[in-house]
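Since the structure comes first, as structure tokens, the remarks are kept for the end.
The values are calculated or read from the model by the stated rules, or taken from the named source; none is laboratory data. No experiment lies behind these values; they were computed from the predicted model shown. All Cβ positions, glycine included, derive from the backbone under ideal geometry; neighbour counts span all protein chains shown. When the accessible area is computed, the model is the full protein with side chains, heavy atoms only, and any ligands, DNA or RNA have been set aside. Shrake-Rupley method; radii C 1.70, N 1.55, O 1.52, S 1.80 Å.
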Amino acid sequence: MLSYVGRRVLQSVPLLIGVSIIGFALMHLAPGGPLAVYTLNPTITNQDIERIRIVLGLDQPVHIQYFKWASGMATGNWGYTFFGGRPVLGVILERMPATFLLMGSALSLAILIGCTIGVLGAVRRYSVFDMMATSGAMVALSFPTFWFGLMAIYLFAIKLGWLPSGGMYELGEEDNLLDLVRHLILPCLVLALVITAVWSRYTRSAFLEVMHQDYMRTAKAKGLRAPARLLRHALPNALKPLIALLGIELPALFSGALVTETIFGWPGMGRLFVDALNMKEYPVLMGMIMFTALFVIVGNLVADILIALLDPRVRLS
Amino acid sequence: MVEPLLRVEGLRTHFPVLSKLLRRRVGTVRAVDGVDLAVAPGEVLGIVGESGSGKTTVGKSILRLIEPTAGRVVFEGTDITHLARREMLGLRRRMQIVFQDPMSSLNPRMTIGRILAAPFEIHDVAKGADLREKVADLLRLVGLPAEAAQRFPHEFSGGQRQRVGIARALALRPRLIIGDEPVSALDVSIQAQILNLLKRLQGELGLTYILISHNLGVVSHICDQVAVMYLGRVVESGPREAIFFDPKHPYTEALLAAVPLPEPGRRAAHAPLAGDVPSPAHPPSGCAFHPRCPRAMARCSVEAPVATALPGGHVVACHLVGGA
Amino acid sequence: MDAAPAVLEARNLRVGFRIPGGTMRAVDGVSFALRQGETLGLVGESGSGKTMTSLALLRLLESPPAELAAEAILFEGRDLLRLSEGAMADLRGARLSMIFQEPMTSLNPLMAIGRQIDEPLVTHLGLSARAARARTLDLLARVGIARPEQAVRAYPHQLSGGMRQRVMIAIALACRPAVLIADEPTTALDVTVQAQILALLRTLQEEMGTAILLITHDLAVIAETAHRVAVMYAGRIVETGPVAALFARPLHPYTEGLLRSIPRISRVREATLPEIPGVVPAPGQLPAGCAFAARCGFADDACHATRPVLTPSGEGREVACWKPRHG
């Protein structure tokens with residue numbers, strides 16, 4: 001098992017290098033640059049800009065820039081922001097808790113509700129409940145996340161005034177947990193909505209697949225009642241594809257969080273990414289790309305380990 | 001003795017066992033491990049064995065649907081083991097295979113007419129009206145109505161689909177047909193129909209068959225020569241009468257004793273053969289049958305027996321027969 | 001011989017499937033009685049309805065789409081059709097067990113086999129985990145698995161097909177049921193392993209006195225294992241009787257045709273095997289008269305016009321035929 005994890009970690013190194021090269025290349029191919037903001041400022045001369053370019057190392061060829069950045073990365077130095085010169089890793093880690101709070105709460109909620117809907121739909125296939133869940137999921141998946149976000153703000157924040165329309169805290173309420181929860185509800189629900197729809201579908205088909213297996217018939221022929229059959233026999237088998245899917249779905253979850261954070265002004269990594277994109281903050285953008293890639297790789301590794309723990313055919317071969 | 005139509009010498013087909021992650025070779029499955037066979041023209045050779053015996057791999061290796069690892073396959077006097085692709089294509093007109101599950105080998109979206117026309121088109125043998133006539137002939141030959149040409153595989157029963165499979169194999173008038181469990185998926189009443197068809201076609205077209213089957217009743221009904229395989233090797237071979245009524249290898253004896261008979265009260269008193277067929281990835285030492293053999297001796301676990309020829313073309317690979 | 005009372009009795013059992021535009025009858029009025037301690041073979045080709053019958057007895061068919069009806073399914077004096085789902089669950093695996101054709105897929109791949117055998121013991125007998133495990137080890141030894149202490153920790157994929165079927169038998173017989181329904185228990189196995197499993201079933205039957213309903217397409221398996229046999233064709237029983245008499249002198253032309261079409265190992269080879277022409281009629285396309293008439297060499301107008309019903313013909317035999325053989 002340990003050697004398996006070790007090998008997987010080693011395998012992810014070329015993957016990370018590939019991601020960084022593609023990310024770096026695309027970033028530099030995009031029009032404009034970090035110095036574009038200065039060109040609009042009449043008090044800054046061309047000489048000033050040239051001087052800043054040299055200071056930031058942007059005068060060097062792209063591949064040299066890449067190697068400088070990459071060798072820094074390899075030693076744990078994620079670089080410094082162009083504006084403000086703050087360490088990139090620090091900037092990202094500062095935003096991380098907010099994002100993980102939003103993603104974690106939305107994901108937990110979505111999996112809880114989505115899986116319940118999916119299991120009930122599979123157990124009572126073609127029932128009224130199943131039909132409603134199916135059409136509900138289709139509706140939720142048909143609209144873009146930002147539309148739900150704007151509608152939620154319009155309805156609950158503006159019309160009804162029940163909840164704040166954005167941000168994470170009211171001024172001076174940074175330590176008030178209740179205030180945080182009130183701010184969290186809308187973005188969490190909006191982000192959870194689409195994930196719930198997706199997971200109810202995944203769970204339903206995973207359970208349907210499992211419930212038609214021969215061993216489920218054996219479980220029934222043994223005299224086990226429905227809860228025991230579902231919990232002991234169907235659930236572990238259905239969980240396997242779902243865990244694998246969770247690993248694969250992580251990037252989609254990340255981009256969903258990005259959109260939601262932007263709509264609700266949630267001060268997480270999504271906002272950081274959008275701001276960095278506007279400012280062409282290369283070091284921050286690269287840091288974000290690498291962080292996301294690492295997160296997804298680790299997520300998939302965890303998923304694979306969980307599957308190996310669940311399935312003796314994977315574990316013992 | 002007549003020159004055999006097909007001769008197999010020292011055929012070995014090994015598969016690498018790859019590790020899950022890095023696809024490194026960590027072992028070898030010796031699916032076929034030194035098999036000698038010969039079929040005379042117009043004869044039926046039966047290959048019997050249980051799962052893991054390698055009987056299916058032998059059939060596919062002869063046609064080079066799976067490339068053999070070592071050994072020679074000589075067909076009509078030509079060593080075909082190293083023929084190039086183009087030459088092999090020409091050869092496949094004269095050697096055909098019929099599989100167990102006709103459904104999976106028939107394209108569900110093609111009509112029976114198209115399926116049967118394909119061999120003629122691939123080998124550029126017939127076109128237009130001539131082609132339609134040839135397809136109609138094939139359908140008649142296997143006892144299907146002419147309208148079958150316009151229908152799709154799913155509209156047919158298992159037995160009828162197997163007739164289509166046989167018709168396709170016959171299209172280019174082959175000399176040798178390898179049947180890989182051709183009647184195993186069929187109900188017994190339909191199985192009889194197909195066996196009778198195979199026998200009639202053999203007489204009418206002068207065909208030679210290699211019939212691969214786990215069903216000893218089927219093999220004894222249709223075969224002239226029989227080879228019994230166990231874990232990649234032929235343990236006993238010879239004329240039908242010798243194998244079924246004078247078996248020398250303990251495995252052949254046990255196999256015959258295990259066959260249930262449709263005659264109540266005929267069950268022999270002796271205990272069935274114990275144990276399972278071992279994995280061909282880890283075959284036992286010496287004679288591969290020794291852990292299950294009721295008559296195993298000390299040398300059986302150390303030394304693999306060599307094939308011993310008895311009178312009448314009966315060959316046995318067993319230390320009980322091998323003499324000193 | 002017929003002194004033993006019936007432990008499981010099906011009366012006019014019917015199974016239909018709802019399809020667009022009607023109901024497809026897979027089982028059409030099947031009646032039989034399984035006596036205490038005997039083996040009754042239910043034999044038929046694909047589409048005969050034998051597997052549907054077996055699943056219907058344990059109420060394992062998914063409904064919808066299946067529709068189950070019967071005058072009664074009597075088991076130990078109770079009508080299974082009148083039991084609640086909970087009461088039925090209490091019987092399954094305890095008094096009335098079943099094993100299936102595919103030992104490769106019938107066991108949960110994620111659960112060690114020890115736990116899979118413990119389950120019915122804990123569920124039905126209320127044993128503690130420790131007591132159940134002791135019984136499981138004993139059961140594994142009795143179904144012929146070497147080193148039970150290691151076997152309980154094994155997972156299904158580590159066992160051969162024959163071993164898995166032994167585990168299935170251990171699960172089914174764990175609570176000493178009155179009836180075991182075995183649906184093609186050896187069809188997926190090699191012939192030497194089939195002989196082992198059939199011998200094991202015979203031995204355990206003698207030890208436990210379990211009545212076995214053996215469902216198979218293989219008449220030879222019936223001949224070696226069953227005391228009585230019922231032959232099914234197109235959803236109905238066409239002939240039934242003691243094995244020896246039925247095999248020696250089949251009354252129904254279908255039974256006779258089946259027996260004759262089996263290729264046998266004999267010194268003299270027949271030039272052609274006797275075959276039954278044609279194919280089994282599709283369910284839902286059954287003729288008004290005898291379902292076999294179209295394939296039968298003896299059928300006349302009466303056979304095509306009216307359906308024959310099972311009629312006693314002496315020696316505990318029954319046949320549904322207007323023109324029985326050897327009659």
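Listing for the model above:
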| item | result |
| --- | --- |
| Helices (runs of 4 or more DSSP H) wholly inside region A:1-104 containing at least 1 residues that are closer than 30 Å to A:L253 by Cα and either open to solvent by less than 70 Å² (accessible area, probe 1.4 Å) or touching a residue at least 60 places away in the same chain (Cβ under 8 Å) (or both) | A:2-29, A:62-74 |
| Residues that are under 23 Å from A:F100 (Cα atoms), open to solvent by less than 70 Å² (accessible area, probe 1.4 Å) and not in a loop (DSSP other than H, G, I, E, B), drawn from region A:141-179 | A:T145, A:F148, A:G149, A:A152, A:I153, A:D179 |
| Enumeration of residues in region C:248-261 that are in a helix (DSSP H, G or I) and surrounded by 22 or more Cβ atoms within 10 Å (Cβ to Cβ) | C:P253, C:Y254, C:T255, C:G257, C:L258 |
| Hits in region C:195-213 - residues which are more than 7 Å from chain B (Cβ to nearest Cβ), closer than 19 Å to C:G144 by Cβ and outside any loop (DSSP other than H, G, I, E, B) | C:I197, C:L198, C:L200, C:L201, C:R202, C:T203, C:L204, C:Q205, C:E206, C:E207, C:M208, C:I212 |
| The one condition in (1) more than 24 Å from A:H183 (Cβ to Cβ); (2) free of Cβ contacts under 8 Å to residues at least 60 places away in the same chain that A:L285 fails to fulfil | (2) |
| C:S106 being under 27 Å from C:G86 (Cβ atoms), without any contact (Cβ under 8 Å) to a residue 12 or more places away in the chain and not acidic (D, E) | no |
| Residues (under 23 Å from B:Q202 (Cα atoms), of a type in the set (A, V, I, L, M), out of contact with any Asp or Glu (no Cβ under 7 Å at 6 or more places or on another chain) and in a strand (DSSP E or B)) located in region B:17-65 | B:L37, B:A38, B:V39, B:L45, B:I47, B:V48 |
| Sole exception among (1) at pLDDT 90 or above; (2) away from chain C (no Cβ under 14 Å); (3) open to solvent by 20 Å² or more (accessible area, probe 1.4 Å); (4) closer than 30 Å to C:Y233 by Cβ for B:R114, by number | (4) |
| All positions within region C:55-95 that are part of a strand (DSSP E or B), more than 9 Å from chain A (Cβ to nearest Cβ) and either in contact (Cβ under 8 Å) with a residue 12 or more places away in the chain or in contact with a Cys (Cβ under 9 Å, 6 or more places away or on another chain) (or both) | C:A66, C:E67, C:L68, C:A69, C:A72, C:I73, C:L74, C:F75 |
| Residue check, A:T292 in contact with a helix residue (DSSP H, G or I) (Cβ under 9 Å, 6 or more places away or on another chain) and open to solvent by 50 Å² or more (accessible area, probe 1.4 Å) | no |
| Leading residue by the ranking (nearest to C:G29 (Cα to Cα)) among those in region C:96-110 that are more than 8 Å from chain A (Cβ to nearest Cβ) and open to solvent by 40 Å² or more (accessible area, probe 1.4 Å) | C:Q101 |
| Considering residues of region B:1-16 that are assigned to a strand (DSSP E or B) and of a type outside the set (A, V, I, L, M) only, the residue nearest to B:Y209 (Cα to Cα) | B:R7 |
| Residue identified as open to solvent by 10 Å² or more (accessible area, probe 1.4 Å) and touching a helix residue (DSSP H, G or I) at 6+ places or on another chain (Cβ under 8 Å) among C:V243, C:V221, C:V238 | C:V238 |
| Options C:A33, C:A72, C:A66; residue that is open to solvent by less than 50 Å² (accessible area, probe 1.4 Å), modelled with pLDDT under 90 and in contact with a strand residue (DSSP E or B) (Cβ under 7 Å, 6 or more places away or on another chain) | C:A66 |
| Residues of region A:105-130 classified as buried (at least 20 other Cβ atoms within 10 Å of the Cβ) and not in a helix (DSSP H, G or I), total | 0 |
| Filter result (farther than 22 Å from B:A271 by Cα, of a type in the set (S, T, N, Q) and open to solvent by 20 Å² or more (accessible area, probe 1.4 Å)) within region C:111-166 | C:T123, C:S128, C:Q150, C:Q158 |
| Within region A:244-317, helices (runs of 4 or more DSSP H) holding 1 or more residues that are farther than 27 Å from A:G76 by Cα | A:282-310, A:312-315 |
| Residue identified as among the aliphatic types (A, V, I, L, M) and more than 25 Å from B:S220 (Cα to Cα) among B:L63, B:L18, B:L37 | B:L18 |
| Some residue of region B:80-103 being more than 14 Å from chain C (Cβ to nearest Cβ), hydroxyl-bearing (S, T, Y) and closer than 30 Å to B:L6 by Cα | yes |
| C:R59 being out of contact with any helix residue (DSSP H, G or I) (no Cβ under 9 Å at 6 or more places or on another chain) and of a type in the set (D, E, K, R) | no |
